[in-house]
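Data first, discussion second: the structure below is written as structure tokens.
The values are calculated or read from the model by the stated rules, or taken from the named source; none is laboratory data. Keep in mind it's a predicted model, so treat the numbers as computed, not measured. Reconstructed Cβ throughout: ideal geometry from the backbone, glycine too, with neighbour counts over all protein chains shown. Quick note on the areas: whole protein, heavy atoms, side chains included, nothing else; ligands and nucleic acids left out. Shrake-Rupley method; radii C 1.70, N 1.55, O 1.52, S 1.80 Å.
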Amino acid sequence: MAISLSTNVESYESPASVRLGGLTLYAPNETLLEKQLTLLTNAIENCATEHLSLVRNTLNSEVRKITGVEVDKRVFGAVLGSVLRTGKIDSVPIAAASGKAFRALVHAKNIKTFEEAIDAVAVLLRGKKHLGVRDVEELLFKQRQWGTWSSASHVLARLVYLGRACYIDDKHFRWPTEIDDAIKHFVK
Amino acid sequence: MMPSNILSNESILLARDGWSPLSQMEPVIEAVAVDRQGRPVLTNVRISEPQHLGETFYVGTPLAFGAFSSLTSLLTADGQRHSVRMLANSGDITSNCFENLIHFPDFVQPMISWRKISSSLKDISAHSTPKTLVLRSRQNNDLFISSGRTQDRISLGGQTFFVTDLSDFEFVLANNWKYAVLELSKCWEFVDEETSLQIDRSSYLVATWLMSASASLGDHRRFKYDSIQHTACVTVVDSEEPLLPLQRAACAFRGPLDTPTHRIEWEDSSVTLISAGFLLAGC
């Protein structure tokens, strides 16, 4: 089935519409509008459930694989926004090696696991002082699969965002031992 | 019967000593309310123990951002009551206007303490110990959180860590809350296309204190959100013009986790309480 949702009111004669955030989506009629919104929403939720975390572009390509159709970026953004609005998925700020912040998407069912992973990796990093994304992938996932490396890197990037890790390069991280030393020095 | 409302464990109320998280309030407090003439007054409020878990909802305008229970009823600027669940589920919150109150009335004596705000600083104070405060800033800026005693500053991988004695920081908070809040907010400073403060949603208590401090100092700031339908951060940007209390809603959504709810009751049926800058309807 092709996705006929559009952001252009002139796409259809007397279209059905729904307002999602700042965008209005149009479809030829109410039945198609509801059917296609449900299709996209379910695909977004299902893909997000299967990964501990993923970024928006990856989610978009996963949804494309499941539905078999190309979805306009703005339509995808509006529908993803509506899923975020219901609390079924949350976005979590994480730090890029460049110092910029970006968002990882985590399904509500996986939030507890994601937070536990952050705590477990922080303990491991504090003990070992250095960790690679591959080490964390092995710790968190029984089997390497498509997406597990990315999720492992998101957990580490979240630790950087929280000031509990520093980038060595985009695949390797270290514990900020200087802080522990400063605290010891400060207490004395 | 006393007017009542339901709030989330994550909600904050304007009390005699400023913004406080509901989770840390005594069972009976004096809170700031607004009477029918729009004047701020004090009223006694009874807060229940945490009750059953409930959905958490967030509502934001350019002046205020707050966490509420799905059963919370807010007053919109036209005097209508709306449940936050209904507001968030509508898909387009921007058709609603709120009267936001973030400026402290004269009788409020702001008291901000580490105990009150520490749970809102988890994203920037991970290394802190019971006696030593470690604050992390994303920019290579200076932060004056110490009253003059030693303060260590460590730059690491684009982040700066400030280490100081917690009691020293408490002293700064107690003596000049506006200055302390402004300095503290630098921890979230982020320079991209424009300089902004990107405060984690979970730290919105500090963002609310910051808006009150800014209003008190005559600085003009406003909140921005990731989108109308959701936000991970409350972004604070400078505003050229002072913002009027009447503001159009800019963001509303349900949070992914349920939180305990509290029933609040207040004595005076002619007043409405203030939660994170929003007026609570009495039911």
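Between the listed residues B:Ala232, B:Pro62, B:Ala126, the Cα displaced farthest toward the positive end of the dipole of chain B, a dipole computed from Cβ unit charges relative to the Cα centre, is found at B:Ala126. Counting each DSSP H run of 4 or more residues in the protein assembly as shown as -39500 (n - 2.57), what helix-only mean residue ellipticity at 222 nm follows after dividing by all residues, to the nearest 500 deg cm²/dmol? Taken over the protein assembly as shown, the calculation gives -9000 deg cm²/dmol. Mean-square fluctuations from a GNM of chain B, with a 10 angstrom spring cutoff on Cα atoms, peak among B:Ala15, B:Ala232, B:Ala250 at B:Ala232. Accessible area ranking (1.4 Å probe, heavy atoms, ligands and nucleic acids excluded), largest first, for B:Tyr179, A:Tyr12: B:Tyr179, A:Tyr12. Within the full protein context, the accessible area of B:Glu99 is estimated at about 80 Å² for a probe radius of 1.4 Å. Of all the options B:Leu75, B:Leu243, B:Leu121, the one that moves most in a Gaussian network model of chain B with Cα springs shorter than 10 angstrom is B:Leu243. For the peptides B:207-216, A:44-53, B:109-118, the ranking by packing is B:207-216, A:44-53, B:109-118, with the highest mean count of neighbouring Cβ atoms within 10 Å listed first. When each of the peptides A:119-131, A:162-174 is scored by how many other beta carbons lie within 10 Å of its residues on average, the order from highest to lowest is A:162-174, A:119-131.
Measuring how big region B:109-180 is from its alpha-carbon positions, Rg and Dmax come out at 11.8, 40 Å. Simple point charges give the picture: +1 on the Cβ of Lys and Arg, -1 on the Cβ of Asp and Glu, and for the protein assembly as shown a dipole about the Cα centre of about 960 debye. When the Gaussian network model of chain A links Cα atoms closer than 10 Å, the mean-square fluctuations of A:Ser150, A:Ser98, A:Ser17 top out at A:Ser98. The heavy atoms of B:Cys283 present about 80 square angstrom of accessible area, all protein chains included, probe 1.4 Å. Across peptide B:187-199, the average count of Cβ atoms from other chains found within 10 Å of a residue's Cβ is 1. Note on region B:136-283: with charges restricted to the Cβ of Lys and Arg (+1) and Asp and Glu (-1), its dipole about the Cα centre is near 220 debye.
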